[in-house]
């Protein structure tokens, strides 16, 4: 059996360190609370540190047609964040090469 797609858009609480490493809400929660995310941090995140989990609960992932259609030639990343004062901040990454190739944007 070959896997064609894994849905990562459904919210899920990372129950193990391995799951936390592949959880975008967990990664964003670590960065929001600590300012960074390194491999060793995922042990605490997977055990549900309250501030990190509170942030994770506010993360919503949605499928984006532009991002989906660009893959695999380009890896796009988009984020829209709403601040406590209701301001909206948007960001975008457009990687044209895989990081392992030694040439990425």
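Looking only at region 16-32, count how many residues are assigned to a loop (DSSP other than H, G, I, E, B) and either touching a helix residue (DSSP H, G or I) at 6+ places or on another chain (Cβ under 7 Å) or at pLDDT below 55 (or both).
Let us first name the residues in region 16-32 that are assigned to a loop (DSSP other than H, G, I, E, B), namely 16, 22-23.
After this cut, where a residue has to be either touching a helix residue (DSSP H, G or I) at 6+ places or on another chain (Cβ under 7 Å) or at pLDDT below 55 (or both) as well, the list is 16.
Selection size over region 16-32: 1.
From the list 60, 67, which residue is within 13 Å of the chain's Cα centre (by Cα) and over 18 Å from residue 18 (Cα atoms)?
Values: 67 fails: within 13 Å of the chain's Cα centre (by Cα).
Answer to the selection: 60.
Which residues, taken from region 73-91, are at pLDDT 85 or above, surrounded by fewer than 10 Cβ atoms within 10 Å (Cβ to Cβ) and either in contact with a helix residue (DSSP H, G or I) (Cβ under 7 Å, 6 or more places away or on another chain) or on the phi < 0 side of the Ramachandran plot (or both)?
Hits for region 73-91 are 83, 84, 85, 87, 88, 89, 90, 91.
Quick one: is residue 95 closer than 20 Å to residue 17 by Cβ and modelled with pLDDT under 85?
Details: closer than 20 Å to residue 17 by Cβ: no; modelled with pLDDT under 85: yes.
Answer is no for this residue.
When the residues of region 53-71 are narrowed to those that are in contact with a helix residue (DSSP H, G or I) (Cβ under 9 Å, 6 or more places away or on another chain) and assigned to a helix (DSSP H, G or I), which ends up surrounded by the fewest Cβ atoms within 10 Å (Cβ to Cβ)?
Only one residue tops the list, namely 54.
The values are calculated or read from the model by the stated rules, or taken from the named source; none is laboratory data. Remember, it's a predicted structure, so these values are computed and weren't measured experimentally. Quick reminder, even Gly has a Cβ in these numbers, built from the backbone with ideal geometry, and neighbours come from all protein chains shown.
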